Amino acid sequence: MTSKEQLIEQHIREYEARLKHVDELYVRAQEATEHLDDEHASRAKLEAYGELLTDMQQKGDEIKTMHLGHWREETVQNAGPMAIWDIFAQKLEDFIERHSRSD
């Protein structure tokens, strides 16, 4: 394996770790809104977050299977998915904080 391939593998592992973290945050966000009725605005927002999470997972799958020659161009051109995933993770953390019950 060349150093370029190793670097890409390292980035893919980082992507997977970030996605796992976002998945865990999403589950916590779902748990934080269990006490809300289905028509609550926060439930709709969480549903939209779920759709975004699905898109992120698909993008992660695309990156993992991307041809080596296109990998760098694609990830740089799209500002790197990790930056977007970090912003999304922060939004989920804020959402959880707002909706967690303080029993």
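Roughly how much of Met66 is accessible, in Å² to the nearest 10, using a 1.4 Å probe?
We get 50 Å² for Met66.
Based on the mean of other Cβ atoms within 10 Å per residue, sort peptides 87-93, 10-16, 39-45 so the most packed one is first.
Sorting 87-93, 10-16, 39-45 by mean packing, highest first, produces 87-93, 10-16, 39-45.
Can you tell me how much longer the chain between Glu9 and Ile84 gets when fully stretched, taken as 0.36 nm per residue apart minus their C-alpha distance, in nm with one decimal?
Result: 25.0 nm gained on full extension.
So what is Rg over Rh here for region 1-44, counting just Cα atoms and using Kirkwood for Rh?
We get a ratio of 1.36 for region 1-44.
The values are calculated or read from the model by the stated rules, or taken from the named source; none is laboratory data. Note that this is a predicted model, so its numbers are computed, not measured. So basically every Cβ, Gly included, is an ideal-geometry build from the backbone, and we count neighbours across all protein chains shown. Surface areas here come from the heavy atoms of the whole protein model, side chains and all, with no ligands, DNA or RNA. Shrake-Rupley method; radii C 1.70, N 1.55, O 1.52, S 1.80 Å.
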